[in-house]
Amino acid sequence: MNDERHSIFRDAGRDRKTAEQIPDTPQTRAPSYRLAFADEAFLCREELRPVRLQLELLKPQLELDERQIDSTIVLFGGARIPSPAEKGSARTQTLAELSHFYEEARLFAQAMTKKSIATGNREFVVTTGGGPGVMEAGNRGAEEAGGVSIGLNIVLPHEQAPNEYVTPNLCFNFHYFAIRKMHFLMRARAICVFPGGFGTLDEMFEALTLIQTGRMERVPFLLFGRKFWETIINWEALKEAGTISPEDLDLFRFVESAEEAAHIIEEWDPAPARSDIPGR
């Protein structure tokens, strides 16, 4: 982190340390005497939500800017999909059959990370939700390739630690799902969606909606596993009903392998954001 300051004023860190060394008196023990930015109870008050939202957006932004990370390859996918070696313990037969996508995510992350290393780990940095399943496979592939990867974890009611393959200094923890989603997409060079559940669907449709409505530039949007996606989502029914336009089905492509996905990204021509919404 860059600690260089451009101010003649005393910095906040020094004042915080000084405040911790003051004499212990009834006055200094009072909550009202704590420095506002060092008072966790104060920062967690309901009225401070706008400040917490800003801080949660700003902290990862500054960290990634200081590391000069300019673009990412985003991997969404199910936390419950096991590795092929562990498919025997899968909860359902379908999850066991989907285990090969763990391997494809790992191989795809390896390929993207090799491209990233060639840029000094500034471009094509693999980014996942930092959890198990497909997310673990993505971070694992990046580590195996000798590069770095980002993990955007989220606090859940049950204890969840990041997977062991996330680059430690690029592992972030979020309280707000909305801010986490922004960080997934702000630097996205490509969005790759593997089979998953509610969380994966939420992330996928949020990103697709931003592209559909012209709020985001077009990037390679790849859905791994045509059979899975056409089983759980009737894309043609949406088109026939008129709730989406036929052109909306061109916003994404189905792929089956890491090699196929990497080729599409390699050959992608930059595409501007939509200026209108077809069918409106």
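The values are calculated or read from the model by the stated rules, or taken from the named source; none is laboratory data. Model, not experiment: these values are computed from the prediction. We place every Cβ from the backbone using ideal geometry, glycine too, and count neighbours over all the protein chains shown.
Residues of the range 240-280 that are small (Gly, Ala, Ser) and at negative phi: Ala241, Ser245, Ser257, Ala258, Ala261, Ala262, Ala271, Ala273, Ser275.
Evaluated against (1) on the phi < 0 side of the Ramachandran plot; (2) loosely packed, with under 13 Cβ neighbours inside 10 Å, Gln68 falls short on exactly one condition, (1). Select, from Thr200, Thr209, Thr213, the only residue that is within 16 Å of the chain's Cα centre (by Cα) and among the hydroxyl-bearing types (Ser, Thr, Tyr). Of the residues listed, the single one that is within 16 Å of the chain's Cα centre (by Cα) and among the hydroxyl-bearing types (Ser, Thr, Tyr) is Thr200. Only one entry of Met112, Met135 meets the criterion of being in contact (Cβ under 8 Å) with a residue 40 or more places away in the chain, assigned to a helix (DSSP H, G or I) and under 18 Å from Ser83 (Cα atoms), and that entry is Met135. Here is the figure for the range 68-97: residues that are without any contact (Cβ under 8 Å) to a residue 24 or more places away in the chain, acidic (Asp, Glu) and part of a loop (DSSP other than H, G, I, E, B) total 0. Scanning the range 6-23 for residues that are loosely packed, with under 10 Cβ neighbours inside 10 Å and either of a type in the set (Val, Ile, Thr) or touching a residue at least 60 places away in the same chain (Cβ under 8 Å) (or both) yields one hit, Ile8. Anything in the range 249-280 that is over 30 Å from Ala142 (Cα atoms) and in contact (Cβ under 8 Å) with a residue 40 or more places away in the chain? List them, or say none. Passing the criteria: Arg274, Ser275, Asp276, Ile277. Can you tell me which residue is surrounded by the most Cβ atoms within 10 Å (Cβ to Cβ) among those in the range 108-131 that are under 13 Å from Ala190 (Cβ atoms) and of a type in the set (A, V, I, L, M, F, W, C)? Restricting to residues being under 13 Å from Ala190 (Cβ atoms) and of a type in the set (A, V, I, L, M, F, W, C), the top hit is Val126. Of all the listed residues (Leu57, Leu53, Leu75, Leu62), the sole one being within 21 Å of Asn153 (Cα to Cα), surrounded by 10 or more Cβ atoms within 10 Å (Cβ to Cβ) and assigned by TED's automatic domain parsing to the domain that holds Val126 is Leu75.
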